[in-house]
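The values are calculated or read from the model by the stated rules, or taken from the named source; none is laboratory data. From a predicted model like this one, the values you see are computed outputs, not experimental measurements. Please note: Cβ atoms are built from the backbone with ideal geometry, for glycine as well, and neighbour counts cover all protein chains shown.
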Protein chains: 2
Amino acid sequence: MMDSAEFRKRGKEMVDYMADYLEEIEKRQVYPGVNPGYLRPMIPASAPEDPETFEDVMKDVERVIMPGVTHWQSPYFFAYFPTASSYPSLLADMLCGAIGCLGFSWTASPACTELEIVMLDWLAKMIHLPKEFLAGGDGDGGGVIQGTASEACLMVMLAARTKVIQQLHLKHPELSRGEIMDKLVGYFSDQFCATLGTTPSCAFDNLLELGPICKEENIWLHIDAAYAGSAFVCPEFRHFMKGVEFANSYNFNPHKWLLVNFDCSTLWVKERTDLTDAFKLNPVYLQHNHQECGLITDYRHWQIPQGRRFRSLKLWFVFRLYGVKGLQEFIRKHVRLAHEFEDLVRQDERFEISADVTLGLVCFRLKGSNELNKTLLENINQTKKIHIVPCKLRDKFVLRFVICARTTESHHVQFAWKHIKELAVELLNGGYQTQIRN
Amino acid sequence: MMDSAEFRKRGKEMVDYMADYLEEIEKRQVYPGVNPGYLRPMIPASAPEDPETFEDVMKDVERVIMPGVTHWQSPYFFAYFPTASSYPSLLADMLCGAIGCLGFSWTASPACTELEIVMLDWLAKMIHLPKEFLAGGDGDGGGVIQGTASEACLMVMLAARTKVIQQLHLKHPELSRGEIMDKLVGYFSDQFCATLGTTPSCAFDNLLELGPICKEENIWLHIDAAYAGSAFVCPEFRHFMKGVEFANSYNFNPHKWLLVNFDCSTLWVKERTDLTDAFKLNPVYLQHNHQECGLITDYRHWQIPQGRRFRSLKLWFVFRLYGVKGLQEFIRKHVRLAHEFEDLVRQDERFEISADVTLGLVCFRLKGSNELNKTLLENINQTKKIHIVPCKLRDKFVLRFVICARTTESHHVQFAWKHIKELAVELLNGGYQTQIRN
């Protein structure tokens, strides 16, 4: 079995493998050519009885895994939204793994809880969240790392539901819980809650319209800025978050666009007790002396899972090794590259831009039918030189081009546009036969 | 900003730091001496504008972080339950970080989905789950990695609720959703669902009693074997899971006791559609060509979050680099050490064993009042040479001693017992003054 001496050797080999992979990622085909079920026949049907060697495993990483990987960190990957990656974050994750502690309560590992509290304050300050959301201010706010925006939204929905059920139960004790729940309404747009930067087109809800209505009607306002939120480290994009002061809760994903590896979705609330009242869990084996003193954050009351990793290390490493200026520079580069692509599209009258380009996403299409654009997308993704995904905007089939990788540069964008244009020309000239995959 | 050349250097330094930390962890005080709020004054109030150096950050890891860490991987840590750690798992996590892909759908990264399907089959075979739970059999079963057992249990509760609401809605279309929900009952023991290995005392529900009742009454039976499940890689412990064939769903946490770093909670269902019907989500930007062919697993329908990491790499590395025999040896060593501690307790007539020792947990106490045992626990944890937590069993305050670290050996157990006995003698002789922490 691998001991620490072998780990020193293999760990360093792995560091080189990681650096090699990321340095040379553009030589790999960005989207794999495998068919469903490809992997099972390539490996044994059961785990081995006896240990194998590390060399055997690493050989299989290239033989079995890599041919089936979609290379999200490739500069030719323009699909979905970015999933962040940076060297400081990888280093912090290694440290987090070695420490291998759980942070469900303060006492379970005090540093794990305390660094998270302070990092969420650092981040709130960086994006100019109102001070009511900070843990270190005078108020009752604070932040927490969730796994994903879905979990953050689920948490606040459950907290909001608990709060309103309690209020209504006091007012109408004759109603059962089920009768109250029948009357509850959650308001969502056709994309999601109130959203800053929707997934299809990175559109923004107007918080200055929504906010006062929610306040007047006593409606919990949650704002999800999963992708766009990272951009608010730059002052020039903060106008999109005007009205955030009306929110009860706010979340975005540093693991999308702030160079922090997945998973790290940050959620802030103005009233900590809204979360903790809904989720309190306190068996004897988790009780500790410091509980009653009021200074303590036990993060298990802030989330669905009980266990939690030391994820704030990633924030700390990234913030310190980039600095605010480095993060701003990174965001600005991506937005600049998106506008560079937008300009290329606008210069070609066969194409149209389908939505305002606000940050790193460009929605575009060939002027013409949805079928035409579907075929263009299929041809792009079958050629596998770049990878993009579509969306629908008001019944129009639209191609989404997102600047994703940390290492994407102008020449990758120029290549992508040239490639898309060539496939479009072939398609418009009828010279390209689409192969239908089964 | 850190480039790949610097990452090669810093990554190798980090590997040595990780190995040093784990090799010498027993020299560190297992439980920290910090007070709530210790960290905030030790670091700046905001993120730096300009990048700092890696040396500065690593200096602060020792200055700021380590004094506040509870060392879960220390062989003197006997609290809660183990949180797994092994070198192969750390290496796999590094690789997972470098690849940095998301696996919410098959097409998002085919290898990520396919390795997970097959690894969950490998693991199901290793613990002799009925073949109805396998994806590669003739049935409709399959497994998925969840973050934690809490999420696994939430998933199956929501799936079971959706299923029964749909059934009742067909039978009683006059009832509203709220009226139906008012009538739903979830049955739990005083610990949790049906549990193999409870948290306080590692007790086991009798599935041969529960199973037939659930079957007859059309009740969804979920079995949570979060801690104990790992032991079923050894044939001699599988008698505890007799009756598992009655379950609709089953989960346990390889991140507790199977050498796979957190987070990795494995969940199996007999009917995949029970999960996917409850959670299907299918916007245009996630649709893909392979969806209709029936061969495809899109794991976003199996979980609350949308995003997911390439966690099956950890299982693959651990299974191959330990082999089934290596995993069995590891489990058996822990159980042997627990019985060694049990024997020591039983030889001292001032103490009593409070529950059957089934696996790696020993529940014990001084014969006498709860107050006496509370004071003993407090003295143990204030001395900080070992760390344990208590539980309550039938109104008795009990001390839980769990073999946790991968590197715990007989001499650590002997030391712990000698230390506990000394503190007990001091306490019984009245020679030890408890210092009350504020």
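Scanning region A:58-70 for residues that are within 15 Å of B:TRP316 (Cβ to Cβ) and at the interface with chain B (Cβ under 8 Å from one of its Cβ atoms) yields A:VAL61, A:VAL64, A:ILE65, A:MET66, A:GLY68, A:VAL69. Of all the listed residues (B:GLU49, B:GLU55), the sole one being within 7 Å of chain A (Cβ to nearest Cβ), surrounded by fewer than 19 Cβ atoms within 10 Å (Cβ to Cβ), free of Cβ contacts under 8 Å to residues at least 60 places away in the same chain and more than 32 Å from the chain's Cα centre (by Cα) is B:GLU49. Only a single item in (1) over 16 Å from the mean Cα position of the chain (by Cα); (2) charged (D, E, K, R); (3) under 23 Å from B:PHE401 (Cα atoms) is not met by B:ASP224, and it is number (1).
Within the span defined as region B:350-362, one or more residues are of a type in the set (Asp, Glu) and more than 9 Å from chain A (Cβ to nearest Cβ). Of all the residues in region B:1-32, those that are within 21 Å of B:PRO67 (Cα to Cα), without any contact (Cβ under 8 Å) to a residue 24 or more places away in the chain and within 7 Å of chain A (Cβ to nearest Cβ) number 6.
Cβ-Cβ contacts under 7 Å between residues 6 or more apart (or on different chains), taken from a first residue in region A:423-438 that is modelled with pLDDT under 50 to a second residue that is surrounded by 12 or more Cβ atoms within 10 Å (Cβ to Cβ) and charged (D, E, K, R), are listed as A:TYR432/A:GLU426; A:THR434/A:GLU378. Test A:PRO41 against the criterion of being surrounded by fewer than 23 Cβ atoms within 10 Å (Cβ to Cβ), facing another protein chain (nearest Cβ under 7 Å) and either out of contact with any strand residue (DSSP E or B) (no Cβ under 8 Å at 6 or more places or on another chain) or in contact (Cβ under 8 Å) with a residue 40 or more places away in the chain (or both), and give yes or no. For A:PRO41, the condition - surrounded by fewer than 23 Cβ atoms within 10 Å (Cβ to Cβ), facing another protein chain (nearest Cβ under 7 Å) and either out of contact with any strand residue (DSSP E or B) (no Cβ under 8 Å at 6 or more places or on another chain) or in contact (Cβ under 8 Å) with a residue 40 or more places away in the chain (or both) - is not met. If you go through region A:55-78 one residue at a time, do you hit one that is out of contact with any strand residue (DSSP E or B) (no Cβ under 9 Å at 6 or more places or on another chain), of a type in the set (Gly, Ala, Ser) and farther than 22 Å from A:GLU24 by Cα? There is no residue in region A:55-78 that is out of contact with any strand residue (DSSP E or B) (no Cβ under 9 Å at 6 or more places or on another chain), of a type in the set (Gly, Ala, Ser) and farther than 22 Å from A:GLU24 by Cα. B:GLU216 meets each of the listed conditions (1) touching a helix residue (DSSP H, G or I) at 6+ places or on another chain (Cβ under 9 Å); (2) over 26 Å from B:PHE401 (Cα atoms); (3) among the charged types (D, E, K, R) apart from (1).
Yes/no per residue for (1) more than 27 Å from B:SER46 (Cβ to Cβ); (2) more than 23 Å from the chain's Cα centre (by Cα); (3) in contact (Cβ under 8 Å) with a residue 40 or more places away in the chain:
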site	(1), (2), (3)
A:GLY139	no, yes, yes
A:ALA152	no, no, yes
A:LEU158	yes, no, yes
A:GLN167	yes, yes, no
A:ASP182	yes, yes, no
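With respect to A:PRO67, determine if the residue is assigned to a loop (DSSP other than H, G, I, E, B), within 30 Å of A:CYS363 (Cα to Cα) and not polar (S, T, N, Q). Taking the combined requirement at face value, the residue does not satisfy it.
Within region A:249-266, is there a residue that is away from chain B (no Cβ under 14 Å) and either among the hydrophobic types (A, V, I, L, M, F, W, C) or buried (at least 19 other Cβ atoms within 10 Å of the Cβ) (or both)? Yes: region A:249-266 contains one or more residues that are away from chain B (no Cβ under 14 Å) and either among the hydrophobic types (A, V, I, L, M, F, W, C) or buried (at least 19 other Cβ atoms within 10 Å of the Cβ) (or both).
Among residues belonging to region A:189-202 that are of a type outside the set (S, T, N, Q) and farther than 16 Å from A:ASN251 by Cα, point out the one that is farthest from the chain's Cα centre (by Cα).
Within region A:189-202, the subset of a type outside the set (S, T, N, Q) is A:190, A:192-194, A:196-197, A:200, A:202.
Filter once more, so that each one left must be farther than 16 Å from A:ASN251 by Cα: A:190, A:200.
Details: A:ASP190: 20, A:PRO200: 14 Å.
Taking the candidates together, the pick is A:ASP190.
Restricting A:ILE331, A:ILE304 to those that are in contact with a helix residue (DSSP H, G or I) (Cβ under 8 Å, 6 or more places away or on another chain), farther than 14 Å from A:ALA84 by Cβ and among the aliphatic types (A, V, I, L, M) reduces the list to A:ILE304. Every condition in (1) within 14 Å of chain A (Cβ to nearest Cβ); (2) in a helix (DSSP H, G or I); (3) crowded, with 21+ Cβ neighbours inside 10 Å holds for B:GLU378 except the one numbered (3). Within this structure, A:ASN373 passes the test of being over 30 Å from A:SER230 (Cα atoms) and either within 14 Å of chain B (Cβ to nearest Cβ) or out of contact with any Gly (no Cβ under 7 Å at 6 or more places or on another chain) (or both). Being among the aliphatic types (A, V, I, L, M) and within 13 Å of B:LEU315 (Cβ to Cβ) is a property that holds for B:ALA84.
When residues in region A:381-394 are screened for being in contact (Cβ under 8 Å) with a residue 24 or more places away in the chain and within 14 Å of chain B (Cβ to nearest Cβ), 9 of them pass.
When B:ARG406, B:ARG365 are checked against the criterion of being touching a strand residue (DSSP E or B) at 6+ places or on another chain (Cβ under 9 Å), at pLDDT 95 or above and buried (at least 16 other Cβ atoms within 10 Å of the Cβ), a single residue qualifies: B:ARG365.
Please go through region B:14-44 and pick out each residue that is aliphatic (A, V, I, L, M) and in contact with an Asp or Glu (Cβ under 9 Å, 6 or more places away or on another chain).
Selection gives B:VAL34, B:LEU39, B:MET42, B:ILE43.
No other residue among A:PHE279, A:PHE310 is of a type in the set (A, V, I, L, M, F, W, C) and within 17 Å of A:TRP122 (Cα to Cα) apart from A:PHE310. Of the listed requirements (1) touching a residue at least 12 places away in the same chain (Cβ under 8 Å); (2) touching a Cys at 6+ places or on another chain (Cβ under 7 Å), A:CYS202 misses just one: (2). Within the bounds of region A:377-384, is there any residue that is hydroxyl-bearing (Ser, Thr, Tyr) and in contact with a Leu (Cβ under 8 Å, 6 or more places away or on another chain)? Looking through region A:377-384, at least one residue is hydroxyl-bearing (Ser, Thr, Tyr) and in contact with a Leu (Cβ under 8 Å, 6 or more places away or on another chain).
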